[in-house]
Amino acid sequence: MRSLTTVERPELRVVCFPHSGGSATAFGEWSTAVPPGVELMAVQYPGRGDRFGEQLVDDVAAMAGHAAADLLRLPPRDYVLFGHSLGAVVAYETALVLRDAGEEPRTLCVSACEPPGSVEDGDLHLAPDDEFWSTLVGLGGIEPGIAEHAELRELLLPTLRSDLRAHAEYRPRPGAKPLSCAVRCYHGAGDPLVDEARLGEWAEVTSGEFTVRARPGGHFHVTADVAELVADIVRQGRA
């Protein structure tokens with residue numbers, strides 16, 4: 001877990017879960033949009049950023065278990081979990097662990113991800129390197145400077161494949177009781193990886209309020225109008 005803002009006594013904590021291949025720094029720009037009194041944190045998966053030397057984890061439940069353990073070591077606060085793409089199912093599984101420990105989040109925010117039990121583009125992690133890389137570049141999640149850098153590509157491919165395999169092979173735990181917190185689902189208009197018609201199925205993970213919000217920007221809508229998105233997420237935690 002990495003702190004992206006410094007707040008001595010936060011009234012609300014927003015915890016972000018990155019997409020496949022992403023690190024905690026994916027939410028660095030959000031720090032300037034967070035209002036006073038709100039602490040912004042991001043999960044650092046093994047093998048990313050300052051954890052680059054650690055072994056990759058390609059199991060969603062294991063990723064969630066590590067994230068939940070980190071959060072349970074912090075002083076209790078009201079908090080929102082926000083997960084983008086792969087991060088959405090990791091955030092959901094984390095919410096289940098926290099609920100079972102008596103610290104369910106106020107709101108679970110999921111983004112650019114079909115509901116648990118759906119396989120998102122399940123064969124992509126098996127594609128040959130060139131096809132695999134060009135598909136990811138086309139989605140807009142890899143900066144042009146990196147996309148054209150052969151050495152960086154070779155460095156990133158194992159992490160990306162590991163994450164996409166984790167997402168493709170993820171299955172929700174059988175018999176899990178629904179959460180009771182609100183669930184907010186964000187969808188980027190034109191996202192080729194998400195069937196918009198299925199997003200309503202996220203309502204099944206909770207007995208609480210469920211809402212869907214469409215935004216411009218496709219799969220990586222999280223980089224468009226960051227201030228507006230962060231404000232909306234904070235409102236969910238304060239509702």
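The values are calculated or read from the model by the stated rules, or taken from the named source; none is laboratory data. What you are looking at is a predicted structure, and each value in this text was computed from that prediction instead of being measured. Quick reminder, even Gly has a Cβ in these numbers, built from the backbone with ideal geometry, and neighbours come from all protein chains shown. The area values use the complete protein model at the heavy-atom level, side chains included, leaving out ligands, DNA and RNA. Shrake-Rupley method; radii C 1.70, N 1.55, O 1.52, S 1.80 Å.
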Original post:
Within segment 97-131, how many residues are over 17 Å from the mean Cα position of the chain (by Cα) and modelled with pLDDT under 70?
Top reply: 8
Original post:
Which residue pairs have Cβ atoms under 8 Å apart, sit 6 or more places apart or on different chains, and have a first residue in segment 190-209 that is modelled with pLDDT of 90 or more and of a type outside the set (S, T, N, Q) and a second that is surrounded by 13 or more Cβ atoms within 10 Å (Cβ to Cβ) and assigned to a helix (DSSP H, G or I)?
Top reply: G190/G218; D191/G218; D191/H219; D191/H221; V194/H219; V205/Y92
**OP:** From P46, P35, P18, P75, grab the single residue that is more than 14 Å from the chain's Cα centre (by Cα) and in contact (Cβ under 8 Å) with a residue 40 or more places away in the chain.
**Re:** P35
**OP:** Please specify each residue of segment 195-216 satisfying the condition of being under 15 Å from A95 (Cβ atoms) and buried (at least 16 other Cβ atoms within 10 Å of the Cβ).
**Re:** W202, A203, V205, T206, G208, F210
Original post:
In the list G53, G49, which residue meets the criterion of being modelled with pLDDT under 90, surrounded by 15 or more Cβ atoms within 10 Å (Cβ to Cβ) and farther than 21 Å from C185 by Cβ?
Top reply: G49
**OP:** Give the residue, chosen from G21, G28, that is in contact with a Lys or Arg (Cβ under 9 Å, 6 or more places away or on another chain) and either farther than 18 Å from V226 by Cβ or not aliphatic (A, V, I, L, M) (or both).
**Re:** G21
Subject >> Those residues of segment 73-96 which are out of contact with any strand residue (DSSP E or B) (no Cβ under 9 Å at 6 or more places or on another chain) and under 21 Å from A203 (Cβ atoms), in sequence order >> reply: E93
Original post:
Here are some residues: L98, L81, L108, L12. Which one is free of Cβ contacts under 8 Å to residues at least 60 places away in the same chain, within 19 Å of A182 (Cβ to Cβ) and surrounded by 17 or more Cβ atoms within 10 Å (Cβ to Cβ)?
Top reply: L98
**OP:** Determine which member of the set A26, A61, A69, A33 is open to solvent by 20 Å² or more (accessible area, probe 1.4 Å), modelled with pLDDT of 90 or more and either of a type in the set (S, T, N, Q) or in contact with an Asp or Glu (Cβ under 7 Å, 6 or more places away or on another chain) (or both).
**Re:** A61
Subject >> Unique residue being more than 20 Å from A224 (Cβ to Cβ) and outside any loop (DSSP other than H, G, I, E, B) when the list is E39, E8 >> reply: E39
